[in-house]
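Okay, so here's the structure we're looking at.
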Amino acid sequence: MSISTSVLSDLLQSLTYLRPQLYFKASLTALSHAMEDQVLATNLDEPLIIASFQRERFYRQEAHRYKRLSRRSNQIYVLSAPETEFAHSSDDYEKVAFEPDDALSQEWHLIVIADNYATCLVCRESLGSINRNRQLPENTPSLDMDTARRFEGIWTSERSVSLKAAELLLARIQTYRPDLTKKINQVRQRFDIGKTKKKSKAKTLSEYACNIDTDPFVQRLVTYLQASQYKLHKAYRSITAQARKERLINSITIAIRRSLDPQAVLEIAAQELGQHLDADRCLIYRAQATDNQAIIEHEFINSGVISVQGQTWELDKNPLFKEITQNNEGVCISDTLTDQRIQNSASLSIIVKKLTIHAWLIEPVFSQGRLIGVIELHYCNSPSTALQPGDIDLVKAIANQISAALIQAEAFANLEELNEQLEALDRTRRNLIAITGHELRTPLSTIQVCLESLASEPDMPADLRQVMLNTALSDSERMRQLVQDFLTLSNLESGRIEWHPESLTLQECVELALSRVRIHSSREEIPEIKTHIADTLPLIKADGDWLVEVIAKLIDNACKFTPAQGKITIKANRNGNQMVEVTVADTGRGIETNRLEVVFDRFYQEEGALRRTAGGTGLGLAICRQIVKGWNGKIWAESDGKDQGSKFHFTIPISPGT
């Protein structure tokens with residue numbers, strides 16, 4: 001029995017939003033060991049572990065690790081294509097031997113699923129890597145072969161992806177070992193493997209939150225990164241030993257440093273690369289794997305060579321472009337007169353003849369596994385002057401430099417916006433420290449004093465004892481409200497709120513909000529509050545609880561900044577055909593014109609975090625803004641300035657049909 005379907009292909013077809021990345025074999029080894037160490041170092045309750053090793057010789061290097069893992073769980077499945085002794089068995093863990101021509105022989109899998117933890121690694125070796133290793137001599141050292149191996153696939157801790165990958169592999173295991181059906185069904189039922197995506201996602205959000213110690217995982221990856229860094233330094237020393245390569249890399253690096261304009265960087269790269277590698281034509285253009293056309297943006301040409309700059313190339317009719325997108329590898333043609341790909345393609349033959357190309361190199365430029373551009377070198381004279389193997393490696397290095405230049409340029413293009421965001425985050429951090437320190441320390445101190453007095457003074461008069469208890473309860477309620485506001489704003493900003501819109505009368509919501517304010521107000525006397533809401537106002541469409549929350553917070557905010565002899569007015573009227581506009585106006589302190597926008601920022605306090613007189617945390621208006629955004633409304637403030645009162649407006653959708 002042999003199965004030709006790929007687990008990775010089935011996974012990508014089921015979860016279309018996934019995008020595979022490119023991995024080297026050493027990276028996969030480090031990730032696999034890190035995932036295994038995570039299981040060994042944490043108290044996961046009987047996790048499901050599925051590992052596929054392609055060949056038995058790869059499994060033998062890791063057998064001792066899976067023997068240790070078997071002490072943690074009886075749900076461990078190891079798959080491999082047998083070469084000598086590997087066969088179906090159920091000793092320390094379940095072994096599953098698949099046919100050598102099964103699609104699994106080209107894939108690498110590791111899946112870990114526990115009640116509160118999930119991660120998976122699903123990869124497939126690239127065709128270019130497989131073909132290159134087949135062409136290596138039999139006596140080639142295995143280390144060199146491993147270095148040349150490249151994989152594409154998915155590594156994620158998203159539970160829904162891990163469950164889908166487990167579903168595909170368990171089905172494959174059950175096909176090879178029907179005797180494990182009962183055991184497999186048990187683990188499917190335990191982790192809801194094979195259930196609908198919607199249900200699985202809902203459980204992920206509500207039931208799988210946990211605190212996993214990531215130190216073993218991080219330590220393993222740090223060790224790998226240190227080893228990779230050492231290898232990288234060795235590679236750079238080897239490159240810098242060659243003077244021509246060193247000059248080229250330096251010249252392009254300097255161009256990147258001098259200019260953040262990607263067009264300028266690519267133009268310099270095309271000129272330098274073409275000159276240093278003695279090419280007759282060097283082209284650099286932007287292209288993605290799904291593009292049908294590309295415009296030649298940057299070009300270097302020698303004298304007497306036809307220019308193609310500004311022309312549009314038909315990529316969908318170019319078999320060489322399709323080859324690099326499929327294999328994620330460059331294409332090098334040493335002699336176009338004898339290459340079968342050229343001879344079998346009418347479109348390529350026309351290009352070669354028109355541009356007199358005798359040797360041709362096409363190298364893709366990737367960014368995080370995604371094709372973003374292409375480098376082409378054309379040699380129009382004798383093929384003997386074409387690229388040598390060392391020069392091909394250099395072009396690959398330059399492609400990496402160009403990729404870094406493009407990423408760097410795009411990053412700096414958004415530098416001003418990022419700096420503004422960082423400044424806002426820093427202000428938020430400072431305000432958070434100041435406000436939480438003040439708002440928590442003050443009531444905690446009061447509560448502590450009251451409780452200590454009650455504990456140390458058993459003969460305290462009953463009326464004084466009641467005062468102490470009331471004070472402690474009041475301050476504990478203040479702390480509870482602070483924590484509640486933090487959690488509410490966090491849930492709103494992260495999208496974890498479920499909205500339940502319904503048709504409502506605005507008058508009823510206003511009355512509920514007023515009742516809440518009067519019950520919870522800490523002031524003995526609040527300003528006069530009047531409402532002006534017409535009986536003819538249409539029904540609104542909103543989540544009633546959250547609408548009451550917005551109105552209550554706006555009224556409470558008005559009460560804080562309005563003296564007892566002042567007045568608060570609540571009005572509502574239609575704002576166009578689709579919205580009702582609600583206004584909460586007061587005759588209080590007012591707001592400066594330049595502060596009308598920032599009052600809705602988190603932790604904003606007009607008087608400062610530690611010297612205000614009105615109380616609160618500065619989260620109320622930020623919460624209101626997030627709630628109003630939830631039903632696609634708008635909220636804004638108006639004021640004529642200090643001591644001129646203020647008005648807060650927000651809009652609510654009108655219920656359809658009213």
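The values are calculated or read from the model by the stated rules, or taken from the named source; none is laboratory data. Just so it is clear, the model here is predicted, and its values are computed rather than measured. Glycine also receives a Cβ, built like all others from the backbone with ideal geometry; neighbour counts cover every protein chain displayed. Protein only, heavy atoms only, side chains kept; ligands, DNA and RNA dropped before computing areas. Shrake-Rupley method; radii C 1.70, N 1.55, O 1.52, S 1.80 Å.
Yes/no per residue for (1) under 15 Å from I623 (Cβ atoms); (2) of a type in the set (D, E, K, R); (3) more than 36 Å from the chain's Cα centre (by Cα):
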{"residue": "K553", "(1), (2), (3)": "yes, yes, no"}
{"residue": "A558", "(1), (2), (3)": "no, no, yes"}
{"residue": "Q565", "(1), (2), (3)": "no, no, yes"}
{"residue": "E581", "(1), (2), (3)": "no, yes, yes"}
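Pairing each residue of the range 50-64 that is within 11 Å of K95 (Cβ to Cβ) with any residue that is in a helix (DSSP H, G or I) and among the polar types (S, T, N, Q), provided the two are 6+ apart or on different chains, yields C-beta distances under 8 Å for A51/S32. When the helices (runs of 4 or more DSSP H) confined to the range 312-402 are screened for residues that are open to solvent by 30 Å² or more (accessible area, probe 1.4 Å), of a type in the set (G, A, S) and over 21 Å from I252 (Cα atoms), those reaching at least 3 such residues are found at 346-355. The single residue among S453, S403 that is at pLDDT 80 or above, within 34 Å of the chain's Cα centre (by Cα) and among the hydroxyl-bearing types (S, T, Y) turns out to be S403. For the range 272-296, enumerate the residues that are over 11 Å from I375 (Cα atoms) and either assigned to a strand (DSSP E or B) or within 37 Å of the chain's Cα centre (by Cα) (or both). Across the range 272-296, the qualifying residues are E272, Q288, A289, T290, D291, N292, Q293, A294, I295.
For G620, the conditions (1) in contact with a helix residue (DSSP H, G or I) (Cβ under 7 Å, 6 or more places away or on another chain); (2) open to solvent by 20 Å² or more (accessible area, probe 1.4 Å); (3) at pLDDT below 90; (4) farther than 20 Å from E498 by Cα are fulfilled apart from (4).
For the range 296-304, indicate whether the set of residues that are in contact with a Phe, Trp or Tyr (Cβ under 7 Å, 6 or more places away or on another chain) and surrounded by fewer than 16 Cβ atoms within 10 Å (Cβ to Cβ) is non-empty. Checking the range 296-304: not a single residue is in contact with a Phe, Trp or Tyr (Cβ under 7 Å, 6 or more places away or on another chain) and surrounded by fewer than 16 Cβ atoms within 10 Å (Cβ to Cβ). Screening the range 68-132 for strands (runs of 3 or more DSSP E) wholly inside it with 2 or more residues that are open to solvent by 30 Å² or more (accessible area, probe 1.4 Å) and in contact (Cβ under 8 Å) with a residue 24 or more places away in the chain returns the ranges 117-125. Taking the criterion of being of a type in the set (S, T, N, Q) and either assigned to a strand (DSSP E or B) or touching a residue at least 12 places away in the same chain (Cβ under 8 Å) (or both), the residues of the range 30-49 that qualify are S32, Q38, T42. Any residue in the range 586-608 that is at pLDDT 90 or above, more than 28 Å from V483 (Cβ to Cβ), open to solvent by 20 Å² or more (accessible area, probe 1.4 Å) and over 34 Å from the mean Cα position of the chain (by Cα)? Yes: the range 586-608 contains one or more residues that are at pLDDT 90 or above, more than 28 Å from V483 (Cβ to Cβ), open to solvent by 20 Å² or more (accessible area, probe 1.4 Å) and over 34 Å from the mean Cα position of the chain (by Cα).
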